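Some notes on the structure that comes next.
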Amino acid sequence: MRIIAIAIVDQNGVIGDGERQPFEIAEDWARFKRVTSGHPLIMGRRTHEAIGRWLPGRTTIVVTSRPEAVDLPTGAQATGHAVDSWPAALDLARSLDDEVYVAGGGSIYDQAWPHLTDLDLTEVHASAPGSVHFPVIDPELWAEVAREPRQGFDFVHYTRRDRTPVDG
């Protein structure tokens, strides 16, 4: 099973300010849609609210302390669930597919970190204001396996060196 964190980060690891991400790059959004479509996507409530809608073509699992307060999708294009913990989100995602994406925010990345097998990042060559950071990528634990340079950013893929993330 692959559990993949997907994020857009500035050169200092900033992913947002607690309300939104600092960059809106059309090519990044198109790639995000392409890679995550057809797979479960785990995110926190604030990230879900920042996106502002249920994403079609994938099952979104929102982690929140109040799952009953989340309005679930009613249309046929998007599927969504709300759960009260990272373990519950991971269990549900595992029951749906053998490839799961984790889309933040900071607390969700922190909880997911020991379980991740891959990182799929858009690394922006600029700094942005913000207090929410992506976890530090330790080169002893993570190997960069692909880099696609673009104008002002790179798409970068990392895999876990030991290939033995925490199970469950």
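Some points to look at:
- Annotation: the residues 134, 23, sorted from fewest to most other C-beta atoms within 10 Å of their own C-beta, follow the order 23, 134.
- Taking the Cα centre of the chain as origin and assigning +1 to Lys and Arg Cβ atoms and -1 to Asp and Glu Cβ atoms, the resulting dipole is close to 340 debye.
- Label positions at residue 69 and residue 84, each projected 7 Å from the Cα along the C-beta direction, are separated by 1.4 nm.
- On a per residue basis, the convex hull of the C-alpha atoms belonging to the chain measures out at 106 Å³.
- Entry note: the range 69-168 has Rg to Rh equal to 1.00, where both radii use alpha-carbon atoms and Rh is the Kirkwood radius.
- Inter-part distance, the range 1-62 to the range 129-164, computed on C-alpha centroids, equals 15 Å.
- Helix 86-96 vs. the chain, principal-axis angle (Cα, 0 to 90°, nearest 10): 80 degrees
- The range 8-103, relative contact order in percent, only Cα pairs under 8 angstrom and at least six apart counted: 27 percent
- Helix-only [θ]222 nm of the chain, DSSP H runs n ≥ 4, -39500 (n - 2.57) each, per residue, nearest 500: -6000 deg cm²/dmol
- Virtual spin-label span in nm between residue 35 and residue 141, 7 Å along Cα→Cβ: 1.9 nm
- Scoring 84-96, 104-116 by mean Cβ neighbours within 10 Å over their residues and listing the highest first yields 104-116, 84-96.
- Sequence ranges 10-18, 31-39, ranked by mean other-Cβ count within 10 angstrom, highest first: 10-18, 31-39
- Rounded to 10°, Cα long-axis angle of helix 26-36 versus longest principal axis of the chain: 60 degrees
- Calculated log₁₀ intensity ratio I(q)/I(0) where the Debye formula runs over C-alpha points of the range 38-107, q = 0.12, 0.18, 0.21, 0.28 Å⁻¹: -0.25, -0.59, -0.82, -1.47
Read-outs throughout are calculated quantities, based only on the coordinates presented, and are distinct from any laboratory measurement. Here the structure is a predicted model, which means the values were calculated and not measured. We place every Cβ from the backbone using ideal geometry, glycine too, and count neighbours over all the protein chains shown.
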